[in-house]
Amino acid sequence: MSRKDEEKEKLMREILYGKNRTSQDQKITLTTDPAKKTESTGSSALNSISEATSSLLKNANDSFAELRKILEKQQKDLEKMSKDNGFNQKDMERMQKEIEKDYGITEEDSRVQTPVKNIDSAKMFTEILQELDEKIVGQEEALKQFCVAFRRPYVMGEEKGRAKNVIIVTGPKGSGRHACITQMASSLYAHRAIASDEVYTIDMSLYQSGAQEQIFLQDLYKDLSGKGSIICFENFEVGFPSFLRMLDSLVCTGKVTLSKRYVLNKGVLVENQTGLVKNAVDSLDAEGKYLVFITTKGTSAVQDAFGADFLYHVLDTVTLKRMTERDADEYNEIKSAALIEKAKKNLKLDVTVDSDVKDWVKTHYDKTNGSDSLTQLYNDFYISLSQEALTEMIPENTEVEFTVRDDEPVAVYMDRSVKLSRSKTSSDEIEAVNRDLDAIVGLDMVKDYIRSLQSHIQMQEIRKQQGMKTSEISKHMIFTGNPGTGKTTIARLISRYMKAIGALSQGQLVEVTRADLVAQYVGQTAPLTMSVIKSAIGGVLFIDEAYSLYRGKDDSFGLECIDTIVKAMEDNRDSLIVILAGYEKEMKGFLESNSGLKSRFPNLIHFPDYTGEELRKIAEIQAKSKGYYIDEGAIRELEAYFEDVQSINAAEAGNGRLARNVVEDAILRQSQRLVKNPGGKLDELRLDDFDLTVKVQPPEDDDMF
């Protein structure tokens, strides 16, 4: 061991164990009895702990609080000493482990603290207001309202068994509602007013049926019993009525009385199935919590969801305003400075942001989403720069300039230029989808409709950027037509197209039938349907043979499924496209089963049966995809065969599936022919390879379709 290492080792021992302590086996004894002393007296650090515990600590909670303060001070001392004595990160980690071993306190434990009593609330919230004002842009009046709301229990006092306060936070998207609450929690925690800076959020849109009661109560209990003091409720406007009544009771009476007997199983609230038990949980209370209800629709939405008595118990409403142009300028500066600092700390790069980049951001951020959109643009810049740093191994301390070229923000370094923006649209994917559309035989009206959506969506994005109102159109569709007319193929292309042009975030196609949506027992259909819908959020939900969901007015399960779908469409209008598919006649009857269905599906697209010529073209495409071609001598006969079949019974024949089946059968027959008579072309399908015998029968009921 080198002399330098020996010196560091000696210094570490002195810090951790004292000059007279040579073994880690020696222990520190903490006590709340002032008469008792620690066993070790050789170290000034340990003496300071002993003196602190004997003179200051009154109970176990105070013991840990005071010990934490001492350890925090020692941590700062260690950081200073590490610089002076050449300690590296590994040395510091080793010392941290020794501290944890001796004192039994981990970094995770340090995030929970014992709040200080008898706080000077006037002084504390004056300081908190200044802290909020430094972090939050353009919401001066709202920040004052926040401070009043969170200070109220300090002034008015708290009522046992009830929430500290019930607060409504309203404002447009992107106004910083969540950011304000998060920063308030951070400031209260820093001032030791609350035990944890964690903010709990309960999204009421996730609970859509009575069958989810236990899940909802488990989530509610977890947050009410957690260390965090702030619980936020959002999307309550679409919450399930019985769960909203529970929240109404929590606010108005301070507790929720449970209708079933529950017990705790490893900290989780579960329904008891064994009769009377000890320590049963029969109610939940909100004592010690701030209950915050977040909305974009003002207090009217709260009254619609909960009623007038609920509003009577709300003493504070915080109203945030939309971001102004001046706010955007200030926010721009804050975010660009944060990006520069983050790039320096994490990527080890020296970034400068030109003013033209800030101007570009100000022009292109979505005004309707305010600060959220502006923040996202800078996040995109950082992600793009990080990707470049990872793939190109940019040397540390390289100077990187953010500038604008050809109306596109770029990062310039070492004669390289990297695109920074991450558009939701993909020109390559749009071109690919268009090529696939062109390759589809027929369906010209369907193709024209799909392409018309791109122009509309692009124009609405421009209006958003300018802060103008947008005119959203319903994208839900009904596809009618016989089997094999391309409904599923087009649905798959629509999901890709919507993702490519930025109308959908994910672009997946979830294809289901009645069996995937309707359960066999009471209370199971809504949760089953919602689980399928959740898997389709951000993409397209394609329900084949959708008319089978409704089997008459006595089909309560089917009606429950339809009601759930209609509600989910309304709640997720910007993130979900639903396509219903089936026979034309049956679909008309289905639309009458729910008054909300017809109005929500304005786009009725009929897929006609293929003509003989179109099926012949499909057959040629099918053959080519399998590595074959159809001989010219077979083309005319093949087309005539398709014409005959379609004129007799297109539905039974299968349309496009007929063409595929005919080609696959021809490939098998060609193989038999070549085995018997070798020497022929391996990729050629001749006329005698095709079985052109018409086998379909006319439909039994001519009025069926």
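Every read-out reported here was derived from the displayed coordinates using simple, explicitly stated rules and does not represent laboratory data. This is a predicted model, so every value here is computed, not measured. Cβ atoms come from the backbone with ideal geometry, glycine included; neighbour counts cover every protein chain shown.
Below are the figures for this structure:
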{"read-out": "Label-point separation, LYS342 to GLU632 (7 Å along Cα→Cβ), nm", "value": "6.4"}
{"read-out": "Overall dimensions of the range 325-419 as given by Cα atoms, namely Rg and Dmax in Å", "value": "12.9, 39"}
{"read-out": "Sorted peptide list for 256-268, 519-531, criterion being average Cβ within 10 angstrom, highest first", "value": "519-531, 256-268"}
{"read-out": "Cross-link pairs LYS135/LYS367; LYS289/LYS335; LYS447/LYS617 - those with Cα-Cα distance over 24 Å", "value": "LYS289/LYS335"}
{"read-out": "Simple spin-label estimate for SER474 and ASP406 in nanometres, 7 Å along Cα-Cβ", "value": "4.2"}
{"read-out": "Gain upon complete extension [ALA190, SER556; 0.36 nm per residue less C-alpha separation]", "value": "126.3 nm"}
{"read-out": "Alpha-carbon gyration tensor eigenvalues x 5, square-rooted, for the range 498-546, Å", "value": "25, 11, 5"}
{"read-out": "Normalised per residue, the volume of the convex hull around the Cα set of the range 635-697 (Å³)", "value": "78"}
{"read-out": "Extended-chain gain in nm, criterion 0.36 nm per residue less alpha-carbon gap, GLU399 and TYR312", "value": "25.5 nm"}
{"read-out": "Across LYS342/LYS362; LYS321/LYS342; LYS144/LYS297, pairs whose alpha-carbon gap is larger than 25 Å", "value": "LYS321/LYS342"}
{"read-out": "Prolate/oblate/rounded label for the range 523-583 (Cα gyration tensor, a/c 1.5)", "value": "oblate"}
{"read-out": "Segment LYS160-GLU134, extension gain: residue separation times 0.36 nm, minus the distance between their alpha carbons", "value": "5.9 nm"}
{"read-out": "Ratio Rg/Rh, restricted to the range 466-607 and using Cα atoms, in which Rh is the Kirkwood radius", "value": "0.96"}
